[in-house]
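Taken together, the values in this text are just the output of simple stated rules run on the coordinates, not laboratory data. Since the structure is predicted, the reported quantities are computational estimates derived from the model, not experimental observations. Cβ sites come from the backbone with ideal geometry, for glycine too, and all protein chains shown count toward neighbours.
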Amino acid sequence: MKVTNSLKTLKNRDRNNRVIRRKGRVYVINKKNPRMKARQG
């Protein structure tokens, strides 16, 4: 998992990426390619 400033750029890397808020943190997750993970905050 990467911790990044801008999740919008990571979201555009793969069309299956989803931006999700959990417990005050913002995550990018991808069910098709589980290696695509990122966190902000």
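Using C-alpha pairs below 8 Å separated by at least 6 residues, the relative contact order for the chain is 44 percent. Computed 3J(HN,Hα) for segment 21-33, one whole-Hz value per residue from the Karplus formula 6.51 cos²θ - 1.76 cosθ + 1.60 where θ = phi - 60°, is 9, 9, 6, x, 10, 10, 10, 10, 10, 9, 6, 6, 10, glycine and proline marked x. Placing pseudo-labels 7 Å out from each Cα toward the beta carbon at Thr9 and Arg22 gives an inter-label distance of 2.5 nm. Our analysis of the chain gives Rg over Rh at 0.91, with the two radii drawn from alpha carbon positions and Rh computed by the Kirkwood formula. In the chain, helices alone account for a calculated mean residue ellipticity at 222 nm of -2500 deg cm²/dmol, with every DSSP H run of four or more residues adding -39,500 (n - 2.57). Of all lysines in the structure, those lying under 18 Å Cα to Cα from Lys31, and not within fewer than 8 positions of it along the same chain, are Lys2, Lys8, Lys11.
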